[in-house]
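To start, the structure under review is shown below, and the notes come after it.
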Amino acid sequence: METQQIYIDGNLLPREEAKISVFDHGLLYGDGIFEGIRSYNGRVFKLEEHIDRLYNSAKAIMLKLPWTKQEIIEAILFTLRANQLQDAYIRLIITRGIGDLGLDPRKCPCPSIIIIADKIVLYPEEFYRNGLEIVSVATRKNIPDALNPAIKSLNYLNNVLAKIESTNANAMEAIMLNLDGYVTEATGMNVFIVKTYDKDSEYKAVLITPPTWVGILKGITREMVMDLAISHNIKVKEDVITRYDLYTADECFLTGTAAEIVPVIKIDGRIISDGRPGKITQKLLKEFHNITKDEGTPIYTK
Ligand code: PMP
């Protein structure tokens, strides 16, 4: 197998040689931003949306990007071609760059861009067939006034701590609450519940997900799932969710670029509905796969 090629600041380097400075503020302070992107069948899915979100993250942390959106897109496609990938997971990272040991970002004149394109590691099939058992954790979500979770920053320690808690509880994922006790999101995925009014009809259902102001990342999969539901006549509401709402939901699932749509069947020991992935969850996942099959920015132009 060919050695994986990593893109750093305009150059491709074999993975063993792909290194950054110990004085990079991305390492010293988590001062940087990133995106997790996916390609399916030779097309990069929702690429412009990811680049737009990256620019918003950069704006929020006052990191001036010296590249145009198109240049970043070209760099991603270039890296995918260099690694001969069709179905890939792409990690796009921008660090504040090299500075001194102080915090001051003015000491970092050149941000760095890193692109890692790898084969997608699929979540085990049984996740989708049987659903996940998850827990809510004691670690609260960062308050938006301190560090807004809408910024996809390199500082994920809040999420890492929640992940450790769920692992300690033998659960696959953690649900984080905000300071008011409202459900926010999982450590790297958004959360949805379904309330069904007529058990035999998927159209008598409402899909609910927390609004961004509770303190969440505005997930690109989240947006897409809401649009998909609307196009299938399923009502969608952005509303606050409590742990009680999770326990008594008819269906629950998590969304994210890597995992797509994952059913949840148990939360804090409470079995959701009959303990099997719900009908609407499965329908949305099927529709999601249909769309990813042939949408996106082509990697290889003929
Ligand atoms: N929340 C967090 C904290 C995340 O890291 C991610 C993954 N990027 C998501 C939600 C899901 O976002 P997306 O659908 O854009 O991948």
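The values are calculated or read from the model by the stated rules, or taken from the named source; none is laboratory data. A quick note: this is a predicted structure, and the numbers were derived from the prediction, not measured. Here the Cβ is made from the backbone with ideal geometry for all residues, glycine too, and neighbour counts use every protein chain on show. These area figures cover heavy atoms from the full protein model, side chains too; ligands, DNA and RNA do not enter into them. Shrake-Rupley method; radii C 1.70, N 1.55, O 1.52, S 1.80 Å.
Below is a table of values for the structure above.
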| item | result |
| --- | --- |
| Among the candidates K302, K266, K293, residue that is among the charged types (D, E, K, R) and either on the phi > 0 side of the Ramachandran plot or at pLDDT 95 or above (or both) | K266 |
| Residue satisfying all of: in region 23-50; assigned to a helix (DSSP H, G or I), open to solvent by 10 Å² or more (accessible area, probe 1.4 Å) and farther than 15 Å from C108 by Cα; farthest from the ligand (Cβ to nearest atom) among these | E48 |
| Hits in region 213-257 - residues which are modelled with pLDDT of 95 or more, more than 15 Å from the ligand (Cβ to nearest atom) and in contact with a Phe, Trp or Tyr (Cβ under 6 Å, 6 or more places away or on another chain) | V240 |
| Positions within region 51-62 being touching an Asp or Glu at 6+ places or on another chain (Cβ under 8 Å), open to solvent by 10 Å² or more (accessible area, probe 1.4 Å) and within 17 Å of G26 (Cα to Cα), in sequence order | I61 |
| Residue, most open to solvent (accessible area, probe 1.4 Å), within region 3-22, restricted to residues that are among the hydrophobic types (A, V, I, L, M, F, W, C) and assigned to a loop (DSSP other than H, G, I, E, B) | V22 |
| Strands (runs of 3 or more DSSP E) lying entirely in region 226-302 (those with 1 or more residues that are surrounded by 20 or more Cβ atoms within 10 Å (Cβ to Cβ) and without any contact (Cβ under 8 Å) to a residue 60 or more places away in the chain) | 251-256, 260-267 |
| Test for A75: is it farther than 12 Å from Y7 by Cβ and touching a residue at least 24 places away in the same chain (Cβ under 8 Å) | no |
| Residue list for region 99-110, filter: without any contact (Cβ under 8 Å) to a residue 40 or more places away in the chain and not in a loop (DSSP other than H, G, I, E, B) | R106, K107 |
| Selection count, region 63-89, where residues are part of a helix (DSSP H, G or I) and either farther than 23 Å from R43 by Cβ or open to solvent by less than 20 Å² (accessible area, probe 1.4 Å) (or both) | 7 |
| Any pair with Cβ under 7 angstrom, 6 or more apart, that starts in region 6-28 at a residue that is over 13 Å from I116 (Cβ atoms) and ends at one that is open to solvent by 40 Å² or more (accessible area, probe 1.4 Å) and modelled with pLDDT under 95 | none |
